[in-house]
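Engineer: Structure incoming, see below.
Derivation of every value follows stated rules applied to the coordinates shown; laboratory data play no part. What you are looking at is a predicted structure, and each value in this text was computed from that prediction instead of being measured. Here the Cβ is made from the backbone with ideal geometry for all residues, glycine too, and neighbour counts use every protein chain on show.
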Amino acid sequence: MLSFENTEIAFRYKSNADLRRARILFGTLANPGLVKIGKSLTYFALNMHLPFAWFIKATLYKHFVGGETLGECEKTVQLLSKFNVKSILDYSVEGGKDHETMQRTLDETLRSVIHAAKHPDIPFSVFKPTAFASQQVLTLASENTTIDSETVKDIQYFKDSVEKLCKTAFENDIPIMIDAEDSWYQPFVDQVVTEMMEKYNKQKAIVYNTLQMYRTDRLDFLKESLRKAEEGNYYLGIKFVRGAYMEKERLRAAEKGYPSPIQPDKAATDQNYDAGVAFTLAHLDRISVFSGSHNEKSNRLLTELMEKQGLARNENKIWFSQLYGMSDHISFNLTDEGYNVTKYIPYGPVRNILPYLIRRAEENTSIAGQTGRELALLERERLRRKKS
Ligand SMILES: Cc1cc2nc3c(=O)[nH]c(=O)nc-3n(C[C@H](O)[C@H](O)[C@H](O)COP(=O)(O)OP(=O)(O)OC[C@H]3O[C@@H](n4cnc5c(N)ncnc54)[C@H](O)[C@@H]3O)c2cc1C
């Protein structure tokens, strides 16, 4: 049976100094009070233009981020590839504000698509919808209300950007994933991504949509997506995640007085995630699946389903993925058993990556057991190395 317990395999790419740094980091993240103060201090320091970036860069950034540029990420990509773990480089700029920034982000993301296509150790490219339109614009487009001419232009800019990225991915034969963010503007994102799949997934899955399985409606959405793909004779690429914005989703629903789109509890999200993955495995002729999760049970279940169906462990339609800096015990043990594994590695300037880092810090504080698990594994490996 597949085990995630082998810390020698899990941390073989980390030096003793790396292990020590990781232990200090996760030890700090285990303290919610410290994380809260750290978050306020960071934003204050950056807003005041205090020279604080070096501190973030030496701590959270070093652990969770590949570098500022594609070139700076290469060392990490090479290191992971030594152990057959592949990389996905994600230019993590969130919340598109002005056109100049969006255009710069588009240029950089296009570079990352071409870079991935040429690189043997980068099997996917990726982008965030909010890099190319504000949340407000995407929300208006999703609500189908009357909109002014400026918004019409912004919507067109978003569509053109997505088209350019998907076309480049198609022409360079590299799959491209579109991240999912808030549910209230996902309808428009889904619509555009579906159009891209119709166009570019005729021979295989190049364009991948993301399904956040903490949402109550995503299993039905998956089934409907398959129906459309069969009818339109194209392939589906699906990236499964549980979803990273639960508190925000619930808060907005309560404030605006609509039913929460999120599953009532963790168990329901877990069940929905596994049901979605199982559904795709039963339809592999039409769907390619990318499972983005740090949940041991879900990862194990996927391997069991593959075995039951007699699939090769390196079946190209099935990929496992974890975020860089988290759950190495899953990534490295899976790859050691022959499965396809990638690490999602964000890159970009410190200031732009802050929302991502704060999410990681909060996630590692708030998810019961996550930090404890990382700390316990790091400590076990330290002791193992000391003895050997
Ligand atoms: C490769 C990769 C790509 C990702 N891309 C995206 C993305 O595009 N969009 C995005 O939103 N997130 C993304 N994430 C983050 C992801 O959505 C999760 O937040 C994170 O991975 C934690 O979930 P888990 O499956 O790893 O495991 P677990 O730790 O088992 O699950 C934690 C998750 O369960 C859910 N949950 C927890 N408590 C409850 C509750 N009380 N009720 C209902 N549900 C609950 C939440 O979704 C929470 O994040 C990505 C993660 C990975 C690994």
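Engineer: 5 Å is the cut-off here: which amide hydrogens, built 1.01 Å from N in the peptide plane, fall below it relative to G348, excluding neighbours closer than 5 in sequence?
Structural biologist: G67, E68, T69
Engineer: Could I have the simple spin-label model distance between R351 and K167, label points 7 Å from Cα toward Cβ, reported in nm to one decimal?
Structural biologist: Calculated label separation equals 3.2 nm.
Engineer: Now for a separate question. Quick check on the exposure proxy: order L2, L377 from fewest to most C-beta atoms within 10 angstrom.
Structural biologist: Fewest-to-most Cβ neighbours within 10 Å comes out as L2, L377.
Engineer: At K75 and N6, where each label point lies 7 Å from the Cα along Cα→Cβ, what is the point-to-point distance in nanometres?
Structural biologist: The answer from the label model is 2.8 nm.
Engineer: May I pose another question? I need the shape label for the range 64-106. Rule: rounded when a/c is under 1.5, else prolate if a/b > b/c, else oblate, with a, b, c from the alpha carbon gyration tensor.
Structural biologist: Verdict is prolate for the range 64-106.
Engineer: Using alpha carbon centroids, what distance separates the range 271-349 and the range 238-253, in Å?
Structural biologist: Cα centres, the range 271-349 to the range 238-253: 20 Å.
Engineer: Also, I was wondering about something else. If you average the sequence gap of Cα pairs under 8 Å that are 6 or more apart and divide by the length of the chain, what percent do you get for the contact order?
Structural biologist: Here the relative contact order equals 24 percent.
Engineer: Here is a further query. Pull out a ≥ b ≥ c, the square roots of the eigenvalues of the alpha-carbon gyration tensor of the range 243-388, then state rounded if a/c is under 1.5, prolate if not and a/b is larger than b/c, and oblate in the remaining case.
Structural biologist: Verdict is oblate for the range 243-388.
Engineer: When all C-alpha to C-alpha distances in the range 125-265 are sorted into bins of 5 Å, what percent of pairs does each bin hold, rounded to whole numbers?
Structural biologist: For the range 125-265, the binned pair fractions read 2, 10, 19, 21, 20, 16, 9, 3, 1, 0 percent.
Engineer: Among bridges DSSP assigns within the chain, what percent are antiparallel (round to 5)?
Structural biologist: Within the chain, antiparallel bridges account for around 5 percent of the total.
Engineer: To continue, here is another question. Taking springs between alpha-carbon atoms closer than 10 angstrom, which of E362, E100, E163 fluctuates most in the Gaussian network model of the chain?
Structural biologist: Answer for the Gaussian network model of the chain: E100.
Engineer: Return a single number: how many Lys pairs in the range 215-330, at a sequence separation of 8 or more or on separate chains, have alpha-carbon atoms below 23 angstrom apart.
Structural biologist: 17
Engineer: Once the Cβ-Cβ distance between Q271 and L251 is put in as r, and R0 is 25 Å, what FRET efficiency do you end up with, to the nearest 0.05?
Structural biologist: 0.55
Engineer: Still on this structure: Bin all alpha-carbon pair distances of the chain at 20 Å intervals from 0 and give each bin's fraction as a whole percent.
Structural biologist: Final binned percentages: 27, 62, 11, 0.
Engineer: For the range 1-149, what does the alpha-carbon gyration tensor say about shape, rounded, prolate or oblate, given a ≥ b ≥ c as the root eigenvalues, a/c under 1.5 as rounded, and a/b over b/c as prolate?
Structural biologist: Oblate.
Engineer: Could you list Y356, Y13 in order of exposure, starting from the residue whose Cβ has the fewest other Cβ atoms within 10 Å?
Structural biologist: Y13, Y356
Engineer: At K308 and A58, where each label point lies 7 Å from the Cα along Cα→Cβ, what is the point-to-point distance in nanometres?
Structural biologist: 5.1
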